[in-house]
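The values are calculated or read from the model by the stated rules, or taken from the named source; none is laboratory data. Keep in mind that this is a model prediction, so the values were computed, not measured. Quick reminder, even Gly has a Cβ in these numbers, built from the backbone with ideal geometry, and neighbours come from all protein chains shown. These area figures cover heavy atoms from the full protein model, side chains too; ligands, DNA and RNA do not enter into them. Shrake-Rupley method; radii C 1.70, N 1.55, O 1.52, S 1.80 Å.
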Amino acid sequence: MNSEILKKYAKLAVVAGANVQPGQLLVISSSVTDWQFTEYCVEEAYKAGASAVMINWNDENISHMNYEYQSVETLCEIPDWYEEKTKWEHEKKCAYLHIASRTPGLLRDIDPEKIKQASLASMKRMRKYQAYTMNNLGQWSIVALPNPKWAKIVFPDKSEEEAVQALWDAILFSVRVREDNDPIAEWEQHDAELLKHCDILNAHQFKTMHFESSNGTDLKVDLVKNHIWVGGGCKTPEGVFFNPNMPTEECFCMPDRNNVNGKVYATKPLNYNGKVIEDFWFEFKDGTVVDYGAAKEVEALKALLETDEGSRHLGEVALISYDSPISNLNILFFNTLFDENASCHLALGRCYPENVEGGIEMEEEQLAAVGGNSSMNHVDFMFGTPDMKVTGIKEDGTEVPVFLNGNFII
Ligand code: ZN
Ligand code: ZN
């Protein structure tokens, strides 16, 4: 990748993504393979006035070796200094930038129990520190860079070199970085557009969203009362605006877990636990999946639905215009950061507490009482189509067209 474009992307990540403030500490996590991009990010951070930049380097192959050779006991051991370091970063009110370059299914050959134990140990120890990013107490952002293994999974028919180039092109297109544009200005406009849609939807407070398309989808999704549509950037309590995900195209909300009815056909394959489920559909009655089918990997779909009770209910509904950059690429990235932004989607499983008034302070039971879903899963699947019609229905029965021919019309 030429250095001018790489620098442009680095500036976008630091300024529009993490939006590091003068005098603030920036903590970057990055793969050693992405050292050049990371170096550019550090430079941009200092130019933006960062007091210091710290890097947590990682290496996928070493991560794999750790899982392969270390005992479960060793993997579960979280040193005190690690906790202290995180605590210190939060006391410093740092910003985080994650440069992700992950190979899908990297740990596929590792005993799932080993992975589960290790992540459980880390979750238990570090849970109290999660609120920092979960509740947007400081800025955080994730951007992605290609790697050869990931590229070959996305473009199996191309040579490694061509695949990496193709993945680069797709990523840069998704995050609106071109040779002849100002991506930061484009993101400001993009965020404003997403916010406008959320504001209009929030003012309507629809009871039901009705989705219809010619492929047979006819689904009524009720939203919880006092729901909040969320999209684009977020603000810290101090009012610093940042973009947690780059790219992002969605306005998402909380479905009522007990009031979803009708049939929905997926329009893109779903990569679940290393299996690619194709041409699948669900039928909902009173919020529960009562019937389903798939042309390929129906067993994986069954396993997903049987994970727990919450896996048969919806936790998220997201609106994305069919004519979005990612959708127009028509690529399966095998990476949620991109794939969930390709089209209107629903998620089976856990809801996002930020999608209901006061949700962040609610206990699990309170969230369930308002209609929020809980589950170990949160699995997004796409169902947007070029002729998707979405109608918002108010409490008094008034209908408002929201989508026509796959795109927002509000
Ligand atoms: Zn989503
Ligand atoms: Zn989701």
Can you give the translational diffusion coefficient of segment 151-197 in µm²/s, computed by Stokes-Einstein from the Kirkwood radius over Cα pairs at 25 °C and 0.890 mPa s? 200
Compute the length gained on full extension between LEU404 and GLU364: take 0.36 nm times their separation in residues and subtract their Cα-Cα distance, giving the result in nm to one decimal. 10.8 nm
Say we join alpha carbon atoms closer than 10 Å with springs in a Gaussian network model of the chain; which of ALA266, ALA300, ALA18 then has the biggest fluctuation? ALA300
Taking 0.36 nm per intervening residue step and subtracting the Cα-Cα distance, what contour gain separates ASP308 from GLU73 on full extension? 81.8 nm
Restricting to the chain, compute how many DSSP beta bridges are antiparallel as a %, nearest 5. 75
With each label point set 7 Å from Cα along the Cα-Cβ vector, what nm distance links GLU354 and LYS47? 2.8
Using alpha-carbon pairs under 8 Å, 6+ residues apart, how would you state the relative contact order of segment 3-174 in percent? 24
Å³ per residue of the Cα convex hull, for the chain? 146
Once you place label points 7 Å from the Cα toward the Cβ at LYS196 and TYR82, how far apart are they in nm? 4.6
Accessible surface, the chain, averaged per residue in Å² (probe 1.4 Å): 47
How much of the accessible area of the chain, probe 1.4 Å, is carbon plus sulfur, in whole percent? 51
Please name which of LEU107, ALA170, PRO156 has its Cα lying farthest along the dipole of segment 89-184 towards the positive end, using unit charges on Cβ (Lys, Arg +1; Asp, Glu -1) and the Cα centre as origin. LEU107
Over segment 294-410, what is the relative contact order in percent, taking alpha-carbon pairs closer than 8 angstrom and at least six residues apart? 27
With an 8 Å Cα cut-off and a minimum separation of 6 or more residues, compute the relative contact order for the chain in percent. 14
For segment 183-408, restrict the atom set to alpha-carbon positions and state the Rg and Dmax in Å. 16.6, 50
